[in-house]
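Some notes on the structure that comes next.
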Amino acid sequence: MPYLGRKTMGQGTPIPMVGNDIDINALVDQLVDQQKTYAYDTLTLAPGTQVANQPYQIFKNPIGQADPYNGGLVKTELETNLTKPNEFSAPTDFILNNLGFYFLPGNTLFDVEQIINHCWFEFKILKKVLWMGHLQRHPSGMGLYGLSNVATDSFIQNGVPEPSKVWHFGDWRKYIPPETTFSLTLNFTETYDAIYNGSGSGGTGASANNIPSNIQTKLFTPGLATSASRPTILTQAAGGNGIKLICVMNGISNGPVQ
């Protein structure tokens, strides 16, 4: 019989044995490596993009796959930490405490407005909708905060960079088992005409009567969009930097013991 040094485990239970050998499987059975963590994915839209009618599928393109919204460039850990589309690889599971949406520094206020004012999201586990609504209801609670003395600098965020300032799901948090499909979609289902009760003619200026003046000035007057267009972000020539939007699932993950 091997020398064990002691007869009990750390919690006081007897060391499991099979004959004269330690039962290693029994020692690790039901043990997990639990950690507070987050899953993230990034929506990248180039300057001048007019958003698509089809939903933007977040968490669908994991590490190593092409990003269909960013010119087919391969995603790395900078953009996402998922290794499989729309699920967590076995044996990893996830307890979802809150969702968050974070605009990277450099996104202009006008472009952030086009996204946050005209988008709605839908989060599902399997085929059941758990949450839907507006991005501003789900601030990220992370990011930069401060002032700059550079006249052209700007930083506008969805919420404030304080982890407690998020919409915690509390007792209504959701459990996502391993290899169970979940999905997050960002939807732009209306044109400027439909959103603002515009002219319906695809016109510009006065013919787009109810559409905000800054949209008419920045998009319609230079011919970047019309009232019949879907929300559009500025071109580089018009001062746009594109959109980088990080979508976050904060929670507790249970993975294998190393």
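Bear in mind that the values in this text are calculations on the coordinates, not laboratory data. The structure displayed is predicted, hence computed values, not measured ones. Cβ sites come from the backbone with ideal geometry, for glycine too, and all protein chains shown count toward neighbours.
One table, with the values for the structure above:
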quantity: Point-to-point label distance, M132-W172, nm (Cα→Cβ direction, 7 Å offset); calculated: 1.5 nm
quantity: Rounded to whole Hz, the Karplus (6.51, -1.76, 1.60) HN-Hα couplings of the stretch 99-116, x for glycine and proline; calculated: 9, x, 10, 10, 8, 5, x, x, 5, 6, 4, 4, 5, 4, 4, 5, 7, 6
quantity: Hz values of 3J(HN,Hα) by residue in the stretch 122-132 - Karplus curve (6.51, -1.76, 1.60), Gly and Pro given as x; calculated: 9, 10, 10, 10, 6, 10, 9, 6, 9, 9, 8
quantity: Qualifying GluC sites (Glu not before Pro) for the stretch 43-113 [loop in DSSP, other Cβ within 10 Å: at most 16]; calculated: E77
quantity: Unsatisfied cross-links (Cα-Cα over 18 Å) in the set K75/K174; K128/K244; K60/K127; calculated: K75/K174; K128/K244
quantity: Derived scalar couplings ³J(HN,Hα) [the stretch 39-47; Karplus, 6.51 cos²θ - 1.76 cosθ + 1.60; whole Hz; x for Gly, Pro]; calculated: 9, 9, 8, 10, 9, 10, 10, 6, x
quantity: G240 long-range amide H proximity, modeled H, under 5 Å; calculated: T235
